[in-house]
Amino acid sequence: MYVRKRRRPVSEINVVPYIDVMLVLLIIFMVTAPLVTQGVKVDLPKAQAQPLDEESKPPLVASVDAQGQYFLNVGDSQKDPMSAVDLATLVAAQLRVEPNTPVVVKGDGAVAYSEVVQLMVLLQRAGAPSVGLMTTPPEG
């Protein structure tokens, strides 16, 4: 005679499907997160901004004056204004040679904010990973 054993019901939760769903959602968020961010990444200085490290490389300083003309502290003609295309080309070339060079924007106080933002976007498109703003320390 054949005696059949009764199986006891399993009271554990199978978590494998939940882990699969979590990993799929993680991949979806990792792929879509860079597409959602917009704008220019800028480390805005505080009132008491810290100077750049003395051990770091000298920064590329891109300037915009009150008339909206661009200047760069690299090359033979540092005092001559240059076009946006020339500035982007020089910055891209310098960053290819030395990729860890910090990039800083020096904007005139009288220039419109939109001009500074356009310069920052131009530097970002030229390959600058981050762009800082140059300030003058407050007096007193």
Per the filter on region 128-140, residues surrounded by 19 or more Cβ atoms within 10 Å (Cβ to Cβ) and in a loop (DSSP other than H, G, I, E, B) are Ala128
Residue, nearest to the chain's Cα centre (by Cα), within region 1-37, restricted to residues that are of a type in the set (Ser, Thr, Tyr) and not in a loop (DSSP other than H, G, I, E, B)
Thr32
Given (1) exposed (fewer than 10 other Cβ atoms within 10 Å of the Cβ); (2) modelled with pLDDT of 80 or more; (3) not hydroxyl-bearing (Ser, Thr, Tyr), identify the lone condition not met by Val3.
(2)
Considering only residues of region 43-80 that are closer than 18 Å to Gly109 by Cβ and in contact with a strand residue (DSSP E or B) (Cβ under 6 Å, 6 or more places away or on another chain), which is modelled with the lowest pLDDT?
Pro45
Could you tell me which residue of region 85-116 is farthest from the chain's Cα centre (by Cα), considering only residues that are closer than 16 Å to Asp65 by Cβ and β-branched (Val, Ile, Thr)?
Val111
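The values are calculated or read from the model by the stated rules, or taken from the named source; none is laboratory data. Bear in mind the structure is a predicted one, so any value in this text is a computation, not a measurement. All Cβ positions, even for glycine, are placed from backbone atoms using ideal geometry, and neighbour counts span all protein chains on display.
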